[in-house]
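What follows is a short report on a single structure.
The values are calculated or read from the model by the stated rules, or taken from the named source; none is laboratory data. The structure presented is a predicted model; accordingly, all values stated were derived computationally and were not measured. Here the Cβ positions follow ideal geometry from the backbone for every residue, glycine too, while neighbour counts run over all protein chains shown. Quick note on the areas: whole protein, heavy atoms, side chains included, nothing else; ligands and nucleic acids left out. Shrake-Rupley method; radii C 1.70, N 1.55, O 1.52, S 1.80 Å.
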Amino acid sequence: MIKRFLPFIFIFGLIACNKSTLTIDYFGQTEPGTTPEIFAKDVISIKGRFEHGISFAPNSQELAFGIFNKGDFSGTIYYSNKEDRSWTKPEVLEPLENESVFLPYFSPSGKSLLFAQSRPDANNGFTDIWMLTKQNGFWEQPEKIDSPISTLTRESTACMSMNNTIYFSSNRDGNGLADLYCSSLENNNYIDAERLNSISSVRDEESIFVSANESYIIFSRYATNENGPDLFISYRDYSGNWIQPELLGSKINTSDWERRPFVSIDNRFLFFTKQIFNDKGYAESDIYWVNTQNVFKPYVFEPIQPKVIKIGKEFNVSIPTDYFKDIDSDKLEISLKNEKLDWVNFDKEKMTLTMNPNVIGEFSLIFTAVDEYANETEDTVSIIVEE
């Protein structure tokens, strides 16, 4: 069992940095817009080589990514760090050079690297979750993270939040499909793995990324029987529940396979792997990145519960200030769409809803939130008017 603690102050400082003042060098690449672009073409993403999965350390001075060998299904992890203002040439990460390893994810502290490693007797078909730890600037020998995370089934992608919770995918339920799980650290030990029931479905889910503060998860799922994996996002509400996942937009999700998400510590860029198949099989795999302006949208953080009110009596509701939230935008314009209900008034400055109904029945109030990038989300509030 691996036991770890993280330096919280460092991570909180990074997350608190305003996106306009935090400057990070992403391998010297020109930043993309809202249309995905191949990342570090001909240097990291090389035509004919099957790259998949990239992760940057939160200090932006290190990166790691995987390469897949479709001949024997083995994997290799490459590593680069920034020295004297220049990135080193990506090379095989030395402590893992003789192993079949996949999908590296730096911990929020940057002092650990989670990855999947093939079992020696499973022909690379089954993997467990392992961890590398850095001490005094050097990577130590890897350690396997035992049960309840690694089991006799296949555990693949894994990442860690700032409170040491590990999120991972596993097909331990016995139906052959992968679901998403998390395991928390208590008294220096990881406790029973919990299936993320509100996110997991009857389809295959894997390639999980969780933000350091656990405010959102991005993962891949087979959207339909005909299409390959696409990327979905789920946000966490004020009760700690993961809300219904949403499919990311068509600029990101295509008829190809989109997997292996990673979001930069400043929440500005989404990295993911696009895998392309043709009539001969697996044809190409590259790492892409895209600005997150259209990835993150307003979401309902503190929902408004249904209200039962009396006809002819004024009823006032204080709308929670964090009714809606947005990962990368503090400027939300909240409005009420039901202008036809003349007995309803919403004061968006004071965030108050005043109702003086003159008719009995059940009504739906539709609130909208629009962020500074014109992304819009609706939420419906049920109002029941009685005598």
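Please state which one of Tyr216, Tyr238, Tyr282 is closer than 23 Å to Phe115 by Cβ, in contact (Cβ under 8 Å) with a residue 60 or more places away in the chain and open to solvent by 10 Å² or more (accessible area, probe 1.4 Å).
From the options Tyr216, Tyr238, Tyr282, the qualifying one is Tyr282.
Here's the yes/no breakdown for (1) at positive phi; (2) under 19 Å from the mean Cα position of the chain (by Cα):
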residue: Ser45; (1), (2): no, no
residue: Phe56; (1), (2): no, yes
residue: Ser60; (1), (2): yes, yes
residue: Gly71; (1), (2): no, no
residue: Tyr79; (1), (2): no, no
residue: Ser86; (1), (2): no, no
residue: Glu94; (1), (2): no, no
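Within region 260-270, can one find any residue that is open to solvent by 10 Å² or more (accessible area, probe 1.4 Å), within 20 Å of Gly125 (Cβ to Cβ) and at pLDDT 95 or above?
yes
Of (1) modelled with pLDDT under 95; (2) exposed (fewer than 13 other Cβ atoms within 10 Å of the Cβ); (3) not hydroxyl-bearing (Ser, Thr, Tyr), Asn316 satisfies all except one. Which?
So Asn316 meets the others, but not (1).
Test Ile360 against the criterion of being in contact (Cβ under 8 Å) with a residue 24 or more places away in the chain and open to solvent by less than 20 Å² (accessible area, probe 1.4 Å), and give yes or no.
So Ile360 does not fit the description; no.
State all residues of region 222-234 that are over 16 Å from Ser250 (Cβ atoms), open to solvent by 10 Å² or more (accessible area, probe 1.4 Å) and in contact (Cβ under 8 Å) with a residue 12 or more places away in the chain; if no residue qualifies, say none.
Tyr222
Just need a number here: residues in region 95-117 that are crowded, with 24+ Cβ neighbours inside 10 Å and of a type in the set (Gly, Ala, Ser).
So the count comes out to 2.
Only one of Thr292, Thr273, Thr352, Thr321 is polar (S, T, N, Q), modelled with pLDDT of 95 or more and open to solvent by 20 Å² or more (accessible area, probe 1.4 Å). Can you tell me which?
Sole residue among the options that is polar (S, T, N, Q), modelled with pLDDT of 95 or more and open to solvent by 20 Å² or more (accessible area, probe 1.4 Å): Thr352.
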